[in-house]
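Encoded as structure tokens, the structure appears first; notes follow it.
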């Protein structure tokens, strides 16, 4: 099932061969609906902005302005 409202999909794979004769096999590819990594919503009536960040690494630094 594709995520609601999805118009495209992307798969990123990074592999490192351990030998010249190495091969790669995918046994069971799957996809599932996920929440966006970042989202921002403005509330002008309350003069505020809601910022949601997911999948942050512990100790990761960021600047919001």
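The test for being part of a loop (DSSP other than H, G, I, E, B), out of contact with any helix residue (DSSP H, G or I) (no Cβ under 6 Å at 6 or more places or on another chain) and without any contact (Cβ under 8 Å) to a residue 12 or more places away in the chain does not hold for residue 42.
Of the residues that sit in the stretch 15-38 and are in contact with a strand residue (DSSP E or B) (Cβ under 9 Å, 6 or more places away or on another chain) and at pLDDT 80 or above, which one is farthest from residue 53 (Cα to Cα)? First the steps, then the outcome.
So the first thing to find is which residues in the stretch 15-38 are in contact with a strand residue (DSSP E or B) (Cβ under 9 Å, 6 or more places away or on another chain), and the list is 35-38.
Add one more test, that the residue is at pLDDT 80 or above, and what stays is 36-38.
On the way: 36: 9, 37: 6, 38: 5 Å.
Top of the filtered list is 36.
Results for (1) under 22 Å from residue 10 (Cα atoms); (2) exposed (fewer than 10 other Cβ atoms within 10 Å of the Cβ), shown as yes or no for each residue.
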{"residue": "26", "(1), (2)": "yes, yes"}
{"residue": "37", "(1), (2)": "yes, no"}
{"residue": "43", "(1), (2)": "no, yes"}
{"residue": "56", "(1), (2)": "yes, yes"}
{"residue": "61", "(1), (2)": "no, yes"}
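Being out of contact with any strand residue (DSSP E or B) (no Cβ under 8 Å at 6 or more places or on another chain) and at pLDDT below 90 is the filter here, so list the residues in the stretch 39-58 that pass it. Within the stretch 39-58, 55, 56, 57, 58 meet the criteria.
The values are calculated or read from the model by the stated rules, or taken from the named source; none is laboratory data. Small disclaimer: the values here were computed from a predicted structure and weren't measured. Don't worry about glycine lacking a Cβ; one is built from the backbone with ideal geometry, like all the others, and counts go over all protein chains shown.
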